[in-house]
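Presented below is the structure to which this report refers.
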Amino acid sequence: MGLLQPLLQLQRVDTALLQLAHHQASLAERTSLTAAKAALVATQSKHNKLLTELKAVKEEIVALEAANKKCELAIQKYSQQLKTVIAPREAEALQHEIETVRVERSGNDDKELALLENSENLDSQILELSEQIVSQQASVEQATLALKSALTTCEADKQKLDAQRSQVASEIDPKLIKLYDMKRNKRTTPAVADLHGTKCQSCHLDLSVVELSALKKLVKNETSETDGNAVYAECPNCDCYLVI
Ligand SMILES: [Zn+2]
C-alpha cells in the first residue's frame, strides 16, 4: 500500500458528491414540473383568447339587437304613416321603406342566430378549458411537491456525504490533501484512482507491463520517503495519482 491509499476514499466521496450534483441538476421531477407549467400556461392563454372572442361576439349580439329595435320602431312609424296617406305613390314609397327595413331586420336576425350558435360553442369550449386548467393546476402542484421531495432527498444525501468527507479528510495528512486538491482542480476525471488488473480506474486505459513495474518500484520508494519530497505514482496516460 502506498501513501496515497487514504486519498482513494476521499476521491470516492468526491465522486459521489459530483454524481449527486449532476443528479440534482438533471432531476426528472424538474423536467416534469417545467412541462406541467408550460401545459397550464398554454391552456390559460387559449382560455383567455376564447374569453376575448366571446366578449366580442356578445357585444355584436347586443349591437344587432339594438339595430333591430330601431328597425321595429321604423316599421311602426311607417305603418302608422301608411294609415294616413292617400296618394298611392306615397303609399308605395312607404311600403317600399317598410320592406327595406324588414329585409334589414331579417338579415340581422340571421346574423344574430349564427352569433348565438358561435357563443354557445365558445361557452362550452371555455368550460372545457376551465376544467382542464383546474386539473393542470393540480398537476403543477403535484409536480412541485415531487420536486421539493426529490430536492430534500438530494440535500440529505449531500449532508451525509459532506459529513463523510470531513471525517475521511480529517484522517489524511493536510499536505496530501493539498496535492490532491491541486490535481483535482485541473481535471474533471478522478484525481486518484486504483488499478483493476492493469487498467487505471480514472482513464480506463491499460498500463503496459513496463509502466506497471516502474510504478511499483516507485511506490516502494514512495513509502520510504518523507512527505516533503516524496514522488507519487501517476498514471502515464491520464496523469492521475495511482494507488498500486
Ligand atoms: Zn489513468
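The values are calculated or read from the model by the stated rules, or taken from the named source; none is laboratory data. Small disclaimer: the values here were computed from a predicted structure and weren't measured. Don't worry about glycine lacking a Cβ; one is built from the backbone with ideal geometry, like all the others, and counts go over all protein chains shown.
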- Query: of a type in the set (A, V, I, L, M), in a helix (DSSP H, G or I) and under 30 Å from CYS240 (Cβ atoms) - does that describe any residue in segment 152-164?
  - Reply: yes
Any hit, segment 35-52, residues being part of a helix (DSSP H, G or I), of a type outside the set (Val, Ile, Thr), farther than 30 Å from LEU147 by Cβ and outside the structural domain of ARG184 (by TED's automatic domain parsing): yes
If we ask which residues in segment 84-104 are surrounded by 13 or more Cβ atoms within 10 Å (Cβ to Cβ) and assigned to a helix (DSSP H, G or I), their number turns out to be 11
For segment 85-114 the number of residues that are of a type in the set (D, E, K, R) and without any contact (Cβ under 8 Å) to a residue 12 or more places away in the chain is 5
For segment 26-41 the number of residues that are exposed (fewer than 14 other Cβ atoms within 10 Å of the Cβ), under 13 Å from SER139 (Cα atoms) and among the aliphatic types (A, V, I, L, M) is 3
task = Determine whether VAL231 is of a type in the set (A, V, I, L, M), on the phi < 0 side of the Ramachandran plot, more than 39 Å from the chain's Cα centre (by Cα) and more than 16 Å from the ligand (Cβ to nearest atom).
result = yes
The number of residues in segment 127-144 that are more than 18 Å from the chain's Cα centre (by Cα) and either on the phi > 0 side of the Ramachandran plot or in contact (Cβ under 8 Å) with a residue 40 or more places away in the chain (or both) is 3
Across (1) touching a residue at least 12 places away in the same chain (Cβ under 8 Å); (2) closer than 30 Å to SER135 by Cα, LEU82 clears everything bar (2)
Among residues of segment 190-206 being without any contact (Cβ under 8 Å) to a residue 60 or more places away in the chain and more than 8 Å from the ligand (Cβ to nearest atom), the residue nearest to ALA233 (Cα to Cα) is LEU195
Checking GLU141, GLU97 in turn, the sole residue that is among the charged types (D, E, K, R) and within 25 Å of SER45 (Cα to Cα) turns out to be GLU141
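Would you confirm whether or not segment 132-151 contains a residue that is in the same structural domain as SER45 (by TED's automatic domain parsing) and not in a helix (DSSP H, G or I)?
no
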Pairs returned, first residue in segment 232-244 that is free of Cβ contacts under 8 Å to residues at least 40 places away in the same chain, second residue that is among the aromatic types (Phe, Trp, Tyr) and more than 6 Å from the ligand (Cβ to nearest atom), beta-carbon separation under 8 angstrom, 6 or more apart or interchain, are GLU234/TYR241
From the option list GLN5, GLN19, GLN81, GLN44, single residue qualifying as within 30 Å of ARG165 (Cα to Cα) and either surrounded by 15 or more Cβ atoms within 10 Å (Cβ to Cβ) or at pLDDT 95 or above (or both) is GLN19
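Do you know which of the residues in segment 213-244 that are part of a loop (DSSP other than H, G, I, E, B) and of a type in the set (A, V, I, L, M, F, W, C) is modelled with the lowest pLDDT?
Checking each candidate, the answer is ALA230.
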Going through segment 8-23 in order, the residues found to be among the charged types (D, E, K, R) and touching a helix residue (DSSP H, G or I) at 6+ places or on another chain (Cβ under 8 Å) are ASP14
